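Comments concern the structure below.
Just so you know, all these numbers are worked out from the coordinates, no wet-lab data involved. The structure displayed is predicted, hence computed values, not measured ones. As a convention, Cβ positions derive from the backbone with ideal geometry for all residues, glycine included, and neighbour counts pool all protein chains shown.
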Amino acid sequence: MNEFKTGDRAMYEGETVTVLTEEVQTYYGGYRAYLVERAGGGAALILASNLTPAPRFTKGDTALFEGYRVKIMGGPYDGAGSMAGKVLYLVEYIDGPDAGKVRTLIGANLLPADDSTFGADRYPRGGLYQDRDGIRWRFTTDAGWSGDLMLGLGKGQRTLERVVMQWGPLIRQR
């Protein structure tokens with residue numbers, strides 16, 4: 001049985017829902033359930049056995065593979081044969097020597113998200129950001145942590161951590 005925590009995305013009857021509470025036990029029958037927010041609005045108490053984990057990526061998302069940015073073209077697919085038990089995605093390279101080429105199925109475990117984090121904030125690496133002084137910043141490396149370098153017009157290169165601490169907040173422009 002799947003375990004969820006507050007904020008997780010899950011699937012219920014083909015719909016992506018957001019888990020609002022830790023697991024609860026229902027009054028009648030003692031069933032395990034979660035309070036979830038429905039995509040169309042409103043909340044519902046759903047039995048834990050009726051929820052499955054939501055796909056990690058959806059079509060159009062970006063991720064990293066072998067140090068290069070890739071675009072999710074399809075999936076998730078259930079692996080078969082030697083890939084049985086794995087979640088797979090069809091990807092296309094965005095940059096690098098294979099830019100524009102589609103690669104066959106890649107395991108989800110090999111695809112880190114295409115963003116950096118600092119504290120609770122996420123910064124997609126393909127984005128352009130503006131600081132409180134109006135300076136625009138973009139990522140120049142894809143290390144995947146707060147040490148990622150950003151290039152700012154007139155400010156040179158700085159780490160994401162330093163940019164946020166010294167010139168934040170950063171507002172995504174695109």
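How long is the gain from T26 to R9 if the chain were fully straight, where each residue apart is worth 0.36 nm and the alpha carbon distance is subtracted?
Details: separation 17, 0.36 × 17 = 6.12 nm, distance 2.11 nm.
Residue separation times 0.36 nm, minus the Cα-Cα distance, leaves 4.0 nm.
Taking the beta-carbon count within 10 Å as an exposure proxy, list Y89, Y123 from fewest neighbours to most.
Details: Y89 26, Y123 21.
Listing Y89, Y123 from fewest to most nearby Cβ atoms yields Y123, Y89.
Give me the percent relative contact order of region 9-53, please, defined on Cα pairs under 8 angstrom at least 6 residues apart.
37 percent
Compute the distribution of all C-alpha to C-alpha distances in region 9-53, in bins of 5 Å from 0, and list the percent of pairs in each, rounded to whole numbers.
5, 26, 36, 20, 10, 3
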